[in-house]
Amino acid sequence: QVQVVESGGGLVQPGGSLRVSCKVFGSIFRARDMAWYRQVPGEQRELVAEISSGGNTKYVDSVKGRFTISRDNRLSTVALQMYRLKPEDTAVYYCNKPRGVLFTWGQGTQVTVSS
């Protein structure tokens, strides 16, 4: 049974920075492409960044240049470093695979960008 646990969210002012992290238990993590998603109440979950097993990264246009996804295969973790945050980045952030049969979703971590 694979378990995903996200952490690191919080309240930050516009223009600030925040780092969220995710640990994956029970999977061959180093062989998995991984991704960060976010969801606003009433809207569909949106994939914002992904990283391949080999470390190649992709971002949606709205976060390109502001967010950086990284992974640590020894610790089975994937992180999302967020800079120059905007109020529209407010959402619950989740990690999972970017495609295929997804893991059971974790509880996510709330990121709120507000003054």
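Which residue, of L47, L75, is in contact with a strand residue (DSSP E or B) (Cβ under 9 Å, 6 or more places away or on another chain) and either of a type in the set (S, T, N, Q) or not in a strand (DSSP E or B) (or both)?
Exactly one residue qualifies, and that residue is L75.
Give the range 49-95 a look and list any residue that's touching a residue at least 40 places away in the same chain (Cβ under 8 Å) and among the hydrophobic types (A, V, I, L, M, F, W, C), or say none.
L75, V78, A79, L80, M82, L85, A91, V92, C95
When you look at P98, is it modelled with pLDDT of 95 or more and in contact with a helix residue (DSSP H, G or I) (Cβ under 7 Å, 6 or more places away or on another chain), yes or no?
The answer is no for P98.
Just name the residue that is nearest to R19 (Cα to Cα) out of those in the range 68-104 that are small (G, A, S) and open to solvent by 30 Å² or more (accessible area, probe 1.4 Å).
First, the residues of the range 68-104 that are small (G, A, S): 70, 76, 79, 91, 100.
With open to solvent by 30 Å² or more (accessible area, probe 1.4 Å) added as a condition, the list becomes 70, 100.
Numbers: S70: 11, G100: 26 Å.
Among residues in the range 68-104 that are small (G, A, S) and open to solvent by 30 Å² or more (accessible area, probe 1.4 Å), the one nearest to R19 (Cα to Cα) is S70.
Within the group T109, T57, which residue is in contact with a Cys (Cβ under 9 Å, 6 or more places away or on another chain) and either open to solvent by 40 Å² or more (accessible area, probe 1.4 Å) or closer than 17 Å to Q3 by Cβ (or both)?
T109 is the lone residue from the list that is in contact with a Cys (Cβ under 9 Å, 6 or more places away or on another chain) and either open to solvent by 40 Å² or more (accessible area, probe 1.4 Å) or closer than 17 Å to Q3 by Cβ (or both).
Within the bounds of the range 86-104, is there any residue that is of a type in the set (D, E, K, R) and out of contact with any strand residue (DSSP E or B) (no Cβ under 9 Å at 6 or more places or on another chain)?
No, because not a single residue in the range 86-104 is of a type in the set (D, E, K, R) and out of contact with any strand residue (DSSP E or B) (no Cβ under 9 Å at 6 or more places or on another chain).
Of everything in the range 28-39 that's modelled with pLDDT under 95 and touching a strand residue (DSSP E or B) at 6+ places or on another chain (Cβ under 9 Å), which residue is farthest from V111 (Cα to Cα)?
Applying the filter and picking the extreme gives R30.
Would you check if there is a residue in the range 27-41 being of a type in the set (F, W, Y), in contact with a Ser or Thr (Cβ under 7 Å, 6 or more places away or on another chain) and touching a residue at least 60 places away in the same chain (Cβ under 8 Å)? Before the answer, list the steps.
Looking only at the range 27-41, we keep the residues that are of a type in the set (F, W, Y), and these are 29, 36-37.
Filter once more, keeping what is in contact with a Ser or Thr (Cβ under 7 Å, 6 or more places away or on another chain): 29.
Now restrict to residues that are touching a residue at least 60 places away in the same chain (Cβ under 8 Å): none.
No: zero hits.
Which one of these is touching a Phe, Trp or Tyr at 6+ places or on another chain (Cβ under 6 Å), loosely packed, with under 13 Cβ neighbours inside 10 Å and either of a type outside the set (S, T, Y) or modelled with pLDDT under 95 (or both): Q44, Q3?
Criteria check complete, one pass: Q3.
With respect to the numbered conditions (1) in contact with a Leu (Cβ under 6 Å, 6 or more places away or on another chain); (2) over 13 Å from N96 (Cα atoms), which one is the sole condition not fulfilled by W36?
(2)
The values are calculated or read from the model by the stated rules, or taken from the named source; none is laboratory data. Please read all numbers here as calculations on a predicted model, not as lab measurements. FYI the Cβ positions are ideal-geometry reconstructions off the backbone, even for glycines, and counts take in every protein chain you see. For the accessible areas, the whole protein counts, side chains as well, though only heavy atoms, and no ligand, DNA or RNA atoms are used. Shrake-Rupley method; radii C 1.70, N 1.55, O 1.52, S 1.80 Å.
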